[in-house]
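Heads up, the thing below is written out as structure tokens.
The values are calculated or read from the model by the stated rules, or taken from the named source; none is laboratory data. What you see is a predicted model, and the numbers here were worked out from it, not measured in a lab. Using ideal geometry, Cβ is built from the backbone for each residue, glycine included, and neighbour counts are taken over all protein chains shown.
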Amino acid sequence: MNMSLPIPKRMVFPSILLILLIVTPFAAPLITGDDPTAMAIPQRFAAPSFEHWLGQDEFGRDRLARILYGGQVSLTVAFVATTIAAVVGTLFGLIGAYFRGPFEFFTTRLADVVVCFPPILLALLVVTLFGPGAVTLIAVLSVLYFPAFARIAFAEALRVSALDFVEASRALGTPSRRIVLRTVLPNIAGPLSIQYSLTAAAAITIESGLSFLGLGVVPPAPSWGQMIRGARAFMNQEPLGILIPCIALTLTIYIINFFCDRLRDALDPKGAQGAKDAISQPVTTSQKAPDLPSDAVASVRDLRLVTGPASQSVDLIADVSLTLRANECTALVGESGSGKSLTSLALMGLLPDVIRQENGQLLLRSKSDGVVDLGKTTAQGLEKLRGNDIAMIFQEPMTSLNPVHKIGFQMVEAILAHRPMPKDQARNEAIELLELVGINEAARRFDGYPHELSGGMRQRVMIAMALSCQPKLLIADEPTTALDVTIQAEVIELLQRLQREYADGLGLLFISHNLGIVSEIADRVVVMYSGKIVEEGPTDVVLNAPKHPYTRALMGSMPAAHTDLHSSRNDRLAAISGTPPLPMARPSGCAFRDRCPMAIAACAEHIPSLDNVSDVHSVRCIRADEVVTA
Ligand SMILES: Nc1ncnc2c1ncn2[C@@H]1O[C@H](COP(=O)(O)OP(=O)(O)OP(=O)(O)O)[C@@H](O)[C@H]1O
């Protein structure tokens with residue numbers, strides 16, 4: 001029977017701990033029969049015994065009873081006050097950030113006023129209104145802590161409100177209240193949950209301080225703060241008295257932090273979450289020392305990446321093998337979701353840790369360590385390799401550079417991260433690199449900020465940074481998609497020139513949707529579909545005589561590059577019908593068969609193998625020989 005838990009697996013243990021933390025103090029009458037306020041002066045400071053497991057305090061009161069009953073007060077105060085502060089503060093922040101104008105003024109200024117007020121004065125004000133006791137504590141702490149939530153919610157909601165999906169919701173006519181609660185709130189829940197854990201923990205500790213001033217729990221009623229205060233005077237004589245409530249406090253704070261930390265991860269659907277981490281170790285390991293052909297800078301062999309629990313894991317990528325050679329540009333092409341980015345992220349050791357490498361090797365020729373298998377390299381080892389032996393440039397030059405640091409500062413940082421040298425020398429190298437990538441007035445640009453450059457210039461700076469440590473392999477993930485056509489051509493020309501002039505021979509892995517650009521820059525083309533390579537070979541062979549119906553369909557959907565294909569359709573572009581299958585819903589046999597104009601019954605029987613159709617060209621299709629004539 002397949003019983004699935006209503007909460008994520010990673011939340012089970014912290015949830016059990018939190019429930020135990022909350023339930024145990026309230027189960028006090030079942031655990032101990034002692035009255036937490038009953039004094040027995042002759043037994044003061046009695047050591048732990050069978051009757052009194054944690055001993056007795058300075059008035060002979062049972063410490064276990066006081067810890068448990070005191071926990072009721074401390075936890076109630078902390079959770080109720082934090083929850084009130086979180087709800088009120090978050091609402092203030094959301095309303096201010098989403099509706100702006102007078103709402104922003106009222107909510108942010110009110111929070112600012114509270115922050116400016118000295119906490120003790122505020123406490124005195126509230127105590128004169130309500131009188132001392134647990135209710136007073138809750139009121140004081142709620143007022144003290146709501147501005148922190150309001151400020152975080154405000155800042156995060158401002159950030160999220162500017163993102164495209166919120167704009168898209170507005171464009172769809174979704175009511176504001178729904179956007180705020182259903183779209184913005186879930187996206188700011190991570191930082192808020194962290195703030196909750198910090199505040200709940202701080203509220204427990206502050207309870208002792210306020211009780212000390214007579215503004216909180218009134219003696220002889222137990223609370224952890226009262227216990228610490230009472231035991232402080234006898235700390236040298238009886239350290240156990242102060243140790244026990246301190247341990248209770250520490251454990252409580254730890255459990256709350258642990259729970260909220262995991263909650264933050266669980267709320268982030270990107271995995272554990274969002275965190276890019278070292279890839280997991282492959283299950284099958286080769287005993288042989290890794291080896292590479294002499295002209296290869298990196299090689300992916302039989303790579304299989306999966307996600308999901310071991311019992312129901314889903315293949316995102318399987319049977320992917322490619323060799324990246326020095327002085328050669330390999331283009332990875334395919335529709336969105338075909339597995340191009342995961343292949344390159346695996347090579348960088350930057351897979352999100354919800355994705356596991358189940359099989360295969362990721363070999364890289366390192367300048368210092370020879371051939372290394374990235375799948376077996378530690379996180380520190382990967383850090384050493386990234387930037388130094390393998391570098392990456394991204395699609396979005398606008399966001400890849402840090403806007404608050406000068407270009408020169410960022411370049412010098414990149415150089416010094418792997419090559420210790422005097423700062424002046426790093427500066428000179430950075431300026432030389434800027435000149436190399438065609439930036440005019442390099443010395444002046446060195447002291448400029450990213451916003452002072454155009455998109456094409458920024459991409460040039462990114463390329464200069466990527467090459468600053470002379471890596472063997474450069475991965476370019478759609479580096480020209482965000483640029484306009486003339487700038488695209490310049491960047492492509494730059495990459496080609498750099499590759500030609502590179503002293504050690506640079507391997508370039510170029511990821512793109514654009515077959516026109518691929519035909520310009522690539523020596524080899526690797527076509528991916530639904531996590532598998534479906535065709536591979538020299539660029540002119542694959543693009544001029546594609547053997548896989550998918551490659552042919554991609555070519556057919558591309559404007560003007562291959563007129564021979566278009567002329568047969570009166571120059572009309574052909575869309576590929578349907579969409580690629582999700583990894584968990586691939587059809588049996590060939591994953592492309594549902595969209596393939598040439599599919600026959602046999603295509604459903606088994607997954608075709610990647611077979612050679614010539615010495616340099618391989619295709620994964622049982623009808624490959626018929627494609628051109630079809
Ligand atoms: N963090 C993740 N968790 C689960 N599945 C993921 C994750 N990242 C990617 N995938 C899945 O892995 C498959 C390959 O994704 P990948 O991002 O490599 O595609 P791509 O070809 O690079 O697409 P694009 O061109 O849009 O970047 C897709 O089915 C995608 O849904």
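Things worth noting here:
- Any hit, the stretch 52-73, residues being hydroxyl-bearing (Ser, Thr, Tyr), in the same structural domain as residue 196 (by TED's automatic domain parsing), within 30 Å of residue 140 (Cα to Cα) and surrounded by 16 or more Cβ atoms within 10 Å (Cβ to Cβ): yes
- Take the conditions (1) at pLDDT 85 or above; (2) away from the ligand (no atom under 16 Å from the Cβ); (3) of a type outside the set (Ser, Thr, Tyr); (4) within 22 Å of residue 383 (Cβ to Cβ); residue 282 misses just one of them, which is (1).
- Of all residues in the stretch 220-237, those satisfying the criterion of being touching a Gly at 6+ places or on another chain (Cβ under 8 Å), part of a loop (DSSP other than H, G, I, E, B) and either surrounded by fewer than 19 Cβ atoms within 10 Å (Cβ to Cβ) or of a type in the set (A, V, I, L, M, F, W, C) (or both) are 234, 235.
- Set side by side, the residues 78, 85, 28, 38 differ, and just one is under 30 Å from residue 161 (Cβ atoms) and either of a type in the set (Gly, Ala, Ser) or buried (at least 24 other Cβ atoms within 10 Å of the Cβ) (or both), which is 85.
- Qualifying residue in the stretch 198-212 (condition: under 30 Å from the mean Cα position of the chain (by Cα), among the polar types (S, T, N, Q) and in a helix (DSSP H, G or I)): yes
- Output for the stretch 413-427, where each listed residue is modelled with pLDDT of 90 or more and either surrounded by 14 or more Cβ atoms within 10 Å (Cβ to Cβ) or not in a helix (DSSP H, G or I) (or both): 422, 426, 427
- Complete set of residues in the stretch 506-523 that are buried (at least 20 other Cβ atoms within 10 Å of the Cβ) and of a type in the set (D, E, K, R): none
- Within the stretch 106-146, the set of residues being without any contact (Cβ under 8 Å) to a residue 12 or more places away in the chain, in a helix (DSSP H, G or I) and farther than 29 Å from residue 180 by Cβ comprises 121, 125, 128, 129, 130, 135.
- Scanning the stretch 49-71 for residues being in a helix (DSSP H, G or I) and either at pLDDT below 90 or among the small types (Gly, Ala, Ser) (or both) gives a total of 3.
- Filter result (more than 18 Å from residue 295 (Cα to Cα), basic (Lys, Arg) and more than 16 Å from the ligand (Cβ to nearest atom)) within the stretch 496-555: 497, 547, 552
- Residues that are in contact with a Gly (Cβ under 8 Å, 6 or more places away or on another chain), within 16 Å of the ligand (Cβ to nearest atom) and either assigned by TED's automatic domain parsing to the domain that holds residue 608 or touching a residue at least 40 places away in the same chain (Cβ under 8 Å) (or both) do occur in the stretch 478-485, at least one of them.
- Subset of the stretch 300-355 that is β-branched (Val, Ile, Thr) and modelled with pLDDT of 90 or more - its residue that is farthest from the ligand (Cβ to nearest atom): 323
- Selection from the stretch 127-158 of residues that are of a type in the set (Val, Ile, Thr) and surrounded by fewer than 23 Cβ atoms within 10 Å (Cβ to Cβ): 127, 128, 135, 136, 143, 152
- For the stretch 450-503, filtering for residues that are surrounded by fewer than 19 Cβ atoms within 10 Å (Cβ to Cβ), among the basic types (Lys, Arg) and closer than 23 Å to residue 427 by Cα leaves 0.
- Scanning the stretch 601-621 for residues that are more than 40 Å from the chain's Cα centre (by Cα) and surrounded by 13 or more Cβ atoms within 10 Å (Cβ to Cβ) yields 602, 613.
- Test: residue 240 is more than 19 Å from residue 66 (Cα to Cα) and either surrounded by 15 or more Cβ atoms within 10 Å (Cβ to Cβ) or not small (Gly, Ala, Ser) (or both): no
- In the stretch 339-353, the residues that are outside any loop (DSSP other than H, G, I, E, B) and more than 19 Å from residue 478 (Cα to Cα): 352
- Taking (1) surrounded by 20 or more Cβ atoms within 10 Å (Cβ to Cβ); (2) hydrophobic (A, V, I, L, M, F, W, C); (3) assigned to a loop (DSSP other than H, G, I, E, B) in turn, residue 97 satisfies each apart from (3).
- Residue list for the stretch 147-175, filter: more than 23 Å from residue 111 (Cα to Cα) and part of a helix (DSSP H, G or I): 164, 165, 166, 167, 168, 169, 170, 171
- Residue pairs meeting the criteria (Cβ under 7 Å; at least 6 apart or on separate chains; first in the same structural domain as residue 378 (by TED's automatic domain parsing), in the stretch 340-357; second acidic (Asp, Glu) and within 11 Å of the ligand (Cβ to nearest atom)): 341/477; 344/477
- Index of the failed condition, residue 382 passing every other in (1) more than 16 Å from the ligand (Cβ to nearest atom); (2) in a strand (DSSP E or B); (3) of a type in the set (A, V, I, L, M): (2)
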